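Read-outs throughout are calculated quantities, based only on the coordinates presented, and are distinct from any laboratory measurement. In this text the structure is predicted, and so the values were computed from the model without any measurement. Glycine also receives a Cβ, built like all others from the backbone with ideal geometry; neighbour counts cover every protein chain displayed.
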Amino acid sequence: MKREAVVLDGIMLLWFVLTALSVMFVVWDIRSTPESPVLKWAFVLITAYIGPLGAFLYVLGCREPLSGLHERYVATRWRQVLGSTMHCVAGDGVGILAGAVIAGLLQLSVMADLTLEYVLGFGFGWTIFQALFMRDTAGGSYWRALASTFVPELLSMNALMGGMIPVMTAAMATVAGSHSPLTLAFWFIMSMALLVGFIVAYPINWWLVAYNLKHGMMTVRPAGGTGIAVDAHADHSVSDGRKAEKSADGVSADHNRAGHGGPSAHTASSGAIALMTLLSFALLALGLAVSYLSGGLQR
């Protein structure tokens, strides 16, 4: 048992060293990437959450391969969905981690812990990362942005938590002392849970992007910046070919967003949205069921 603990400690130490190096790389490198400021911050947060895998996703999914190619590079559907999922997990993750820390310090029950994480995660992700930071996509109105982002944020949050819950509860029930945010084990488990939640949330974000309910990657260049135009019909992704209004940081921008404003965008019916909402709650319920059956809900 002691040997297993030593091995786990070594794995965690290596993970956090690699995470620190990965965060430093992304913070330094992303400054020259023509991405929107909010998504730049999201990539930094994601890398802090999931370590070198976050840096890998940044390089593979957003980093401009050659000058002027960012528009074309991020136009593919899977990269658009990566941006959408990453934006969700980055924002929700702040609230989820805050809830987990509070619950750990107060020694709350598992269900109280999960409830607090869900409420804070959804609240921060919806009101701040989605509605506030992306209000320009709703014409600058915060209240309109709140209304338009509620359902997409709900679906994505349900899937994220559905993936996280079994990992968090099972691991913390197994690793002694991991309920306390003062231990490395706590942060390692939360990191692994966010990674699994990211994977589970990715398919539902694919649907949200495809049906014009969430944005994907963007290209934001200073006034006079140049980039290669992208066919709006290519790979079912959109670069609307128009100069966007002032972006969040006040510069003129070209926006590459799957499903936003392009002729190939689809619109989901109310019935399809209702069905996907039920599916998202089913994923959340499944996560709770797996946790219950594994004994993770007992503390």
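Could you run the Karplus curve 6.51 cos²θ - 1.76 cosθ + 1.60 with θ = phi - 60° over the range 161-168 and give me ³J(HN,Hα) per residue in whole Hz, x for Gly and Pro?
Values, residue by residue: 5, x, x, 6, 4, x, 5, 4 Hz.
For the range 1-146, what is the charge dipole size about the Cα centre, in debye to the nearest 20, if Lys and Arg each add +1 at the Cβ and Asp and Glu each add -1 at the Cβ?
The calculation lands at about 260 debye.
With the crude spin-label approximation of a point 7 Å out along Cα→Cβ, what separation in nm comes out for Leu286 versus Leu184?
3.4 nm
What is the percent of Cα-Cα separations in the range 1-131 that go past 21 Å?
52 percent
What distance in nm separates the simple spin-label points at Leu60 and Ser269, each placed 7 Å from Cα in the Cβ direction?
Modelled inter-label distance: 3.6 nm.
How would you rank 118-128, 269-279, highest first, on the average number of other Cβ atoms within 10 Å across their residues?
Packing proxy ranking, top to bottom: 118-128, 269-279.
How far apart, in nanometres, would the label points at Leu13 and Tyr142 be if each is projected 7 angstrom from Cα along the Cα-to-Cβ direction?
A separation of 4.7 nm, rounded to one decimal place.
Rounded to two decimals, what is Rg over Rh for the range 75-124 when you use alpha-carbon atoms and the Kirkwood radius?
For the range 75-124, the value is 1.19.
In Å³ and rounded to a whole number, note down the convex hull volume per residue for the Cα atoms of the range 158-227.
That works out to 135 Å³ per residue.
Return the sequence-ordered ³J(HN,Hα) values of the range 292-297 in whole Hz as given by the Karplus equation 6.51 cos²θ - 1.76 cosθ + 1.60 applied to θ = phi - 60°, using x for Gly and Pro.
Each residue of the range 292-297 in turn: 5, 5, 8, x, x, 7 Hz.
Grab the Cα-Cα distance for Ala176 and Phe25, subtract it from 0.36 nm times how many residues apart they are, and report the gain in nm with one decimal.
Values: separation 151, 0.36 × 151 = 54.36 nm, distance 3.29 nm.
Once the chain is fully extended between Ala176 and Phe25, it gains 51.1 nm.
Return the sequence-ordered ³J(HN,Hα) values of the range 100-108 in whole Hz as given by the Karplus equation 6.51 cos²θ - 1.76 cosθ + 1.60 applied to θ = phi - 60°, using x for Gly and Pro.
With the stated coefficients, the range 100-108 comes to 5, 5, 4, 4, x, 5, 8, 6, 6 Hz.
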